[in-house]
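Asker: The structure under discussion is supplied below as structure tokens; questions concerning it will follow.
The values are calculated or read from the model by the stated rules, or taken from the named source; none is laboratory data. Here the structure is a predicted model, which is why all the values come from computation and not from measurement. Virtual Cβ from ideal backbone geometry, glycine too; neighbours counted across all protein chains shown. Heads up: the accessible areas ignore ligands, DNA and RNA and are worked out on the full protein's heavy atoms, side chains in. Shrake-Rupley method; radii C 1.70, N 1.55, O 1.52, S 1.80 Å.
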Amino acid sequence: MHRTKTRFAARAHRLATKLEKRGVRATYRLHDRVLSNRVSRRRFASNRPPLDELQQRIVSELEADGYSLLTFSELFPDGEWQEIEEQAAAFVAQTEAGLLGEGEELRVRPGKEFVVRLHSYEVELGDDDAWFRATRSRRMLDVANSYLGLWSNLEYVDMWYSVPQPEEKDRVSSQRWHRDFNDKHLLKAFLYLVDVDGGTGPFQYVPGSAPGGRYADAWPWRPLGDNYPPENELEKRVSEDGVKTFTGPKGTFLFCNTSGFHRGGFATTNARVLATCTYSSPASLASLTNRSFRYTGSLEELDPVTRFALT
């Protein structure tokens, strides 16, 4: 009798999960086509930001291949880098003490214990945080909004420390090829805070795999879809020269639409340390995503575009 109940409970859970996913997908499509994103697109269309030559280049490269590579000091030439570098050094020291069993408990997520996070979720962030200040700046928001064609939400802000793993260990979670499931109108930024070579878990991407690209029909994106293709199957579909591997020195800065196929963080020799953020469409927040932080500053003092991004 106990076994029968267990099987029934498992079957009921699977059915409930399927029904929940179906509801989420329907909600996402409604917000994308009719509600949240439609309003956001209209606001962007009536208030297009002027872009300088570098910002235009970033948007053009994103539109062509789904990524754009530059250095942080190109986009922020006025000294912001030094404060972010100091913030990263403190994070590294705190993390490495924690890995030795000293200091505060490390922030990791189940299934992704190879990544230690500075903030994780439910953190309060203000303009005293150097990386957050950059992510909510109009330098970055104007790029994100121009690429996405709408007023976006700044959904996630953090720093990551990828702990080196044995080379023979299998890739797990985001170390495998996948699409981000929560939004097709999505832009992430990655800032390398250490030199990244082949043994430091470099970010990898398949250009043209985001919706609308030449590989869009390969395990195509959909909300809450099967975003991880079978192991080793993507390599059969995409040739080796169709994969971009982003090694580079400290200060390398990458914008990328991660609804396309990507993976990273499989560090084997040195820890990969980076800062990251995510800009999503309002449809993502409406049906799938919770923002990782709460802004502690005064929203009334912000311009409408920035206020929209943080609320």
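Asker: Picking from 189, 281, 125, whose Cα lies most toward the positive end of the charge dipole for the chain (charges on Cβ: Lys, Arg +1; Asp, Glu -1)?
Answerer: 281
Asker: Choose one of 23, 55, 40: the residue whose Cα lies farthest towards the positive end of the charge dipole of the stretch 20-71 (beta-carbon charges +1 Lys, Arg; -1 Asp, Glu; about the Cα centre).
Answerer: It is 23.
Asker: If you don't mind, another one. Just subtract the alpha-carbon distance of residue 96 and residue 235 from 0.36 nm times their residue separation and send over the number in nm, one decimal. Walk me through the numbers on the way to the answer.
Answerer: Numbers: separation 139, 0.36 × 139 = 50.04 nm, distance 3.48 nm.
Contour length minus the Cα-Cα distance gives 46.6 nm.
Asker: Which percent of Cα pairs goes in each bin when the distances of the stretch 188-276 are cut into 10 angstrom slices starting at zero?
Answerer: Reading the bins upward from 0: 16, 46, 31, 6.
Asker: Now, a different point. With the Cα gyration tensor of the stretch 129-193 in hand, convert its eigenvalues to equivalent ellipsoid semi-axes via √(5λ) and list them largest first in whole Å.
Answerer: Details: eigenvalues 156, 57, 14 Å².
Whole-Å semi-axes of the equivalent ellipsoid: 28, 17, 8.
Asker: Restricting to Cα atoms and excluding each atom paired with itself, what does the Kirkwood estimate give for the stretch 25-153 in Å?
Answerer: Kirkwood radius, the stretch 25-153: 17.7 Å.
Asker: Using a 1.4 Å probe, what is the accessible area per residue for the chain, in Å²?
Answerer: Numbers: 15380 Å² over 311 residues.
On a per-residue basis, 49 Å².
Asker: Note down the magnitude of the dipole of the stretch 109-228 about its Cα centre, charges +1 on Lys and Arg C-beta and -1 on Asp and Glu C-beta and zero elsewhere, to the nearest 20 debye.
Answerer: Charge dipole, the stretch 109-228, about its Cα centre: 400 debye, nearest 20.
Asker: What number do you get for the stretch 73-137 when its Cα radius of gyration is normalised by 2.2 N^0.38 Å, N = residues? Kindly include the intermediate steps, with their values, before the conclusion.
Answerer: Working: Rg = 13.8 Å, N = 65, 2.2 N^0.38 = 10.7 Å.
Cα Rg divided by the expected 2.2 N^0.38 Å: 1.28.
Asker: Work out, in µm²/s and without decimals, the Stokes-Einstein translational diffusion coefficient of the stretch 29-77 at 37 °C, 0.692 mPa s, Rh from Kirkwood over C-alpha pairs. Don't skip to the end; give the middle numbers.
Answerer: Details: Rh = 13.0 Å.
Estimated via Stokes-Einstein, D reaches 253 µm²/s.
Asker: What's the magnitude of the charge dipole for the stretch 237-311 around its Cα centre, counting Lys and Arg as +1 and Asp and Glu as -1 at the beta-carbon? Answer in Debye, nearest 20.
Answerer: Values: 8 positive and 5 negative charges, 58 e Å.
My answer is approximately 280 debye.
Asker: Running Debye on the chain with equal point scatterers at the Cα sites and no solvent, what base-10 log of I(q)/I(0) appears at q = 0.08, 0.09 Å⁻¹?
Answerer: -0.37, -0.47
Asker: Using the Kirkwood radius built from alpha carbon pairs, what does the Stokes-Einstein equation give as D for the stretch 164-216 at 4 °C and 1.567 mPa s, in µm² per second? Intermediate results must be reported in sequence, preceding the final value.
Answerer: Details: Rh = 13.6 Å.
Approximately 95 µm²/s, per Stokes-Einstein.
Asker: Further question on the same structure: In the stretch 181-295, carbon and sulfur make up what percent of the accessible area (probe 1.4 Å)?
Answerer: Numbers: 1900 of 4210 Å².
C and S fraction of accessible area: 45 percent.
Asker: Still on this structure, I have one more. Considering the Cα trace of the stretch 86-198, what is its radius of gyration and what is Dmax, both in angstroms?
Answerer: Values for the stretch 86-198 (Cα only, Rg and Dmax): 15.9, 46 Å.
Asker: Kindly report, to the nearest 10 Å², the accessible surface of residue 181 as traced by a 1.4 Å probe over protein heavy atoms only.
Answerer: Roughly 90 Å² of residue 181 is accessible to a 1.4 Å probe.
Asker: Taking the mean number of other Cβ atoms within 10 Å as a proxy for protection, how do you rank 271-284, 67-80, 249-262, 231-244 from highest to lowest? Walk me through the numbers on the way to the answer.
Answerer: On the way: 271-284: 24.6, 67-80: 16.0, 249-262: 22.6, 231-244: 13.1.
Result, highest mean first: 271-284, 249-262, 67-80, 231-244.
Asker: Here is a follow-up. In nm, to one decimal, how far is the modelled label at residue 34 from the one at residue 172, with both set 7 Å along Cα→Cβ?
Answerer: Between residue 34 and residue 172, the label points sit 4.2 nm apart.
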